[in-house]
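Peer 1: Before I ask anything, here is the structure I am working with.
The values are calculated or read from the model by the stated rules, or taken from the named source; none is laboratory data. Quick caveat, the model's predicted, so the values are computed rather than measured. Positions of Cβ are backbone-derived with ideal geometry, glycine not excepted, and every protein chain shown enters the neighbour counts. Heads up: the accessible areas ignore ligands, DNA and RNA and are worked out on the full protein's heavy atoms, side chains in. Shrake-Rupley method; radii C 1.70, N 1.55, O 1.52, S 1.80 Å.
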Amino acid sequence: MTALLEVQSLSKQFLGSEGKALTDVNFSVSEGEFVSIIGPSGAGKSTLLRCINRMIDASSGEITFDDRNVTKLKKKELKMVRTKIGMIFQHYNLVDRLSVIENTLHGNLGKKSAIAGVLGLYSQEEKEQALRILSVLGLESLIYKRADQLSGGQKQRVGIARALIQNPRMLLCDEPIASLDPNSAKVIMDHLRDISTSMGITVLVNLHQVDVALKYSDKIIGINSGQVVFNGSPAAITKEDIQRIYGSEAEDLIFDLGGIHAS
Amino acid sequence: MEANGQVTTAGQLVKQRPRRQIRVKTWNRSTVVTRATLLILAGLTVYAFFSFDYKEIDFVQAMLATFANLKSMFLEPHLQRFTFGHALYQVLVTLGLAFLTTLFGAVIAVFFGLLAAENLSSKWVSSVVKGVVAFIRAVPTVLWVLIFAVAAGLGSVAAVIGMTFHSVSYLVKAYSESFEELDKGVIEALKASGAGWWQIIFQAVLPSSLTYMISWTFLRFEINFAVAVAMGAAAGAGGIGFDMFMASNFYLDIREIGAITYFILAVAILLEITAAKLKKRLT
Ligand SMILES: Nc1ncnc2c1ncn2[C@@H]1O[C@H](COP(=O)(O)OP(=O)(O)OP(=O)(O)O)[C@@H](O)[C@H]1O
Ligand SMILES: [Mg+2]
């Protein structure tokens, strides 16, 4: 397996704030891998994810995606790279007044000419692909429904469909299940896992639920105050690692490593 | 029995309370300022009525004469110098003026509204556009028409330019505020998939704010109709306003003014109803 994504000594300092949001972050992700990033609130998980597709510009360091140095790309090349990276959000970020299928097709805007995108002209193949993806996600009966009439779980599946229609090499998911009930959360995580396993798409997920991260991931990256403090397989994680990621209070948290590893 | 007992105890409870006035408002800076302002305004009003130069007008008689005028204006309206068809045509001319200026204003305002929305342009550009627009808006429409009349001459051209000018400034504010209301996550999502600025505008920003934009535009249309009537009279822009001006200042025909007023009222009500219907269907 070759590395699809490589992050080298990445640092980020926001303008006007003292202290760094990210300090010397290094890790690499292989093609098709499912990686969870865990850490306390404010640790820098969202910042890290957004540095990868340059929604936020890193202060220093290098990010290599598919053998290209993302940090040095010009505007046009950056757009091309972004079409290869899907993104999924905690609050879904759909256009409320548009239908499920329109929102799904939005994933293709980056590949279209400005005019076709502005007018919303999509080819027959694009529409067929949208339908295929939506039916895999169990949304085929809802394609003409407006996005604001969907439940949270359905909205997130539309979010996934919008990312998948890009034909991405990698998905970045920023707390995709933080606003969902346990059942919908499981559906979403199962879909993400399936996308990684059967389509070979690399998945990077920010998570707050350690048990979920351990259950679904090939690899866990633990972050505390902008630094990577754990990088390894879920099986290798110990109580001390959890403490290092979340601080000493972690003892009181509910998770039981033994139980999780056993199941 | 039991109920009676309870009533008496409740009554006693109320009686036992020491009687003391409870103030609802506390005195602070803002209440003092508000009350002082109201008092001064009241004083000025009274003083004004005493100091008017009444030129020996008998107040009661003047009132009666006014009522007589209003009576013949609104209860005995007639059309003498022109026909119903002509009046209808003139109303359409006025509506046309309002429609044209609103349409021009809306098209230009969409563009500047995008530049004025902080989330879609840069902070610097946004402040500049908003500042200019606030200045234009602060000057009344009529004044703009008169200013443009210097170059274009008093007439319909000055009215169209002046009214468009003010409509743009009004709609830029309304549009940019509805653009700014859009969740920034939606913009982020499309940007992250590689979409460009124009694509984001047309696929996310405009669809999300369309209802607001339409209802603001229609409101401006109603304003422009009223302004267009006034412009017909004051700036010679034609339409029903000009007929009204002629009827009142030239022919001194009070009854015809009444008829024209009814025409304008009917159109205004029609517009109002259309606006309400439109709003209901859009949401
Ligand atoms: N736009 C910004 N400007 C300044 N500081 C920021 C900005 N965005 C994030 N930060 C800071 O960077 C740090 C990391 O924030 P980040 O959002 O990446 O944390 P997170 O791990 O995603 O937290 P959470 O789990 O709550 O989402 C925080 O201290 C935050 O205050
Ligand atoms: Mg976050």
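Peer 1: Quick one: work out Rg over Rh on the C-alpha atoms of the protein assembly as shown, Rh as Kirkwood radius.
Peer 2: Ratio of gyration radius to Kirkwood radius: 1.15.
Peer 1: Over chain A, what is the relative contact order in whole percent, taking alpha-carbon pairs under 8 Å and six or more residues apart? Write out the running numbers ahead of the final one.
Peer 2: Values: 473 pairs, mean separation 69.0, N = 263.
Relative contact order, chain A: 26 percent.
Peer 1: Counting only protein heavy atoms, what percent of the accessible surface of the protein assembly as shown is carbon or sulfur at a 1.4 Å probe?
Peer 2: On the way: 18350 of 29650 Å².
Roughly 62 percent of what the probe reaches on the protein assembly as shown is carbon or sulfur.
Peer 1: 222 nm [θ] for the protein assembly as shown, helices only, -39500 (n - 2.57) per DSSP H run of 4+, per residue, to 500? Write out the running numbers ahead of the final one.
Peer 2: Numbers: 22 runs with 312 residues, N = 546.
Mean residue ellipticity at 222 nm (helix-derived): -18500 deg cm²/dmol.
Peer 1: Within chain A, what is the longest stretch that has no chymotrypsin sites (Phe, Trp or Tyr not before Pro) placed in a DSSP loop and near at most 15 other beta-carbon atoms within 10 Å? Could you put the intermediate results ahead of the total?
Peer 2: Details: sites that count: A:14, A:144, A:255.
Free of exposed loop sites, the longest segment is A:15-143.
Peer 1: First measure r as the distance between the Cβ atoms of residue A:78 and residue A:17, then evaluate 1/(1 + (r/R0)^6) with R0 = 25 Å and state the FRET efficiency to the nearest 0.05. Display every interim value, and only then the final one.
Peer 2: On the way: r = 25 Å, r/R0 = 0.99.
Using R0 = 25 Å, I get an efficiency of 0.50.
Peer 1: Can you tell me the Rg and Dmax of region A:90-168, counting just the alpha carbons, in angstroms?
Peer 2: Final numbers for Rg and Dmax: 11.6, 33 Å.
Peer 1: Relative contact order for region B:84-282: what is it in percent, counting Cα pairs under 8 Å that are at least 6 residues apart? Write out the running numbers ahead of the final one.
Peer 2: Working: 232 pairs, mean separation 56.3, N = 199.
Value for region B:84-282: 28 percent.
Peer 1: Here is a further query. Taking all protein chains together and a probe of 1.4 Å, list A:112, A:74 from the most accessible to the least accessible.
Peer 2: Details: A:112 40, A:74 145 Å².
Result, largest first: A:74, A:112.
Peer 1: Collect residues whose amide H, placed 1.01 Å from N in the peptide plane, falls under 5 Å from the amide H of residue A:4; neighbours closer than 5 in sequence don't count.
Peer 2: For residue A:4, whose amide H was placed from the backbone, the distant partners under 5 Å are A:29, A:30, A:31.
Peer 1: Next question, about the same structure. What shape does region A:1-87 have by the C-alpha gyration tensor, where a ≥ b ≥ c are the square roots of the eigenvalues, rounded means a/c under 1.5, and otherwise prolate means a/b greater than b/c and oblate the rest?
Peer 2: Values: a/c = 1.78, a/b = 1.26, b/c = 1.41.
It is oblate, given that a/c is not under 1.5 and a/b is not larger than b/c.
Peer 1: Filter A:12/A:112; A:45/A:239; A:74/B:123; A:215/B:184; A:20/A:219 down to the pairs with a C-alpha to C-alpha distance above 30 Å, please. Could the numbers behind the result be given before it?
Peer 2: Working: A:12/A:112 32 Å; A:45/A:239 21 Å; A:74/B:123 23 Å; A:215/B:184 32 Å; A:20/A:219 25 Å.
Violating the 30 Å Cα-Cα cut-off are A:12/A:112; A:215/B:184.
Peer 1: Using modelled amide H (1.01 Å from N, peptide plane; none on Pro or chain starts), what sits under 5 Å from the amide H of residue A:22, excluding residues fewer than 5 places away?
Peer 2: A:12
Peer 1: Could you size up the charge dipole of region B:84-282 around its Cα centre, putting +1 on the beta carbon of Lys and Arg and -1 on that of Asp and Glu, and report it in debye to the nearest 20? Please report the intermediate quantities before stating the final value.
Peer 2: Numbers: 12 positive and 11 negative charges, 60 e Å.
Its charge dipole is roughly 280 debye.
Peer 1: Let me ask something additional. Find which of B:82, B:46, B:93 sits farthest along the positive direction of the dipole of chain B, computed with +1 on the beta-carbon of Lys and Arg, -1 on that of Asp and Glu, about the Cα centre.
Peer 2: Going by the charge dipole, the pick is B:46.
Peer 1: Taking both sides together, what accessible area is buried at the B/A interface, probe 1.4 Å, expressed in Å² and rounded to the nearest 100? Don't skip to the answer; put the middle values down first.
Peer 2: Details: alone 18850 and 12730 Å², together 29650 Å².
The B and A chains share an interface burying roughly 1900 Å².
Peer 1: Rounded, prolate or oblate for chain A? Axes are the square roots of the Cα gyration tensor eigenvalues, ordered a ≥ b ≥ c, and the cut-off for rounded is a/c under 1.5. All intermediate terms of the calculation are to be shown ahead of the outcome.
Peer 2: On the way: a/c = 1.91, a/b = 1.33, b/c = 1.44.
Note, shape of chain A comes out oblate.
Peer 1: Another question about this same structure. For chain B, which DSSP H helices look membrane-span-like by this rule: Cα extent along the axis of 30 Å or more and mean Kyte-Doolittle of at least 0.0?
Peer 2: Details: long enough: B:29-51 (32 Å, 1.23); B:84-116 (46 Å, 1.91); B:156-180 (35 Å, 0.65); B:206-234 (40 Å, 1.05); B:254-282 (42 Å, 1.08).
Those that pass (Cα extent of 30 Å or more, hydropathy at least 0.0) are B:29-51, B:84-116, B:156-180, B:206-234, B:254-282.
Peer 1: Ignoring ligands, DNA and RNA, what accessible area per residue does the protein assembly as shown give at 1.4 Å, in Å²?
Peer 2: Details: 29650 Å² over 546 residues.
Value returned for the protein assembly as shown: 54 Å² of accessible area per residue.
Peer 1: Follow-up question, since we're still on this one. Can you tell me, using C-alpha contacts under 8 Å and at least 6 residues apart, the relative contact order of region A:33-104 as a whole percent? Let's see the in-between values first.
Peer 2: Values: 28 pairs, mean separation 11.8, N = 72.
Computed over region A:33-104, the figure is 16 percent.
Peer 1: So which residues in region A:89-116 end up with at least 40 square angstrom less accessible surface once the other protein chains are there, compared with the chain by itself, probe 1.4 angstrom?
Peer 2: A:93, A:95, A:97, A:106, A:109
Peer 1: With +1 on each Lys and Arg Cβ and -1 on each Asp and Glu Cβ, how big is the dipole of the protein assembly as shown about its Cα centre, in debye rounded to the nearest 20?
Peer 2: Around 940 debye, computed over the protein assembly as shown.
Peer 1: Right, here's the next one. Rounded, prolate or oblate: which fits chain B when a ≥ b ≥ c are the square roots of the eigenvalues of the alpha-carbon gyration tensor, with rounded for a/c under 1.5 and prolate only if a/b beats b/c?
Peer 2: Numbers: a/c = 1.92, a/b = 1.07, b/c = 1.79.
Judged from the Cα gyration tensor, chain B comes out oblate (a/c at least 1.5, b/c at or above a/b).
Peer 1: At a 1.4 Å probe, which residues in region B:190-239 are at least 30 Å² less accessible with all protein chains present than in their chain isolated?
Peer 2: Listed in order, they are B:190, B:191, B:192, B:193, B:194, B:199, B:202, B:203, B:207, B:208.
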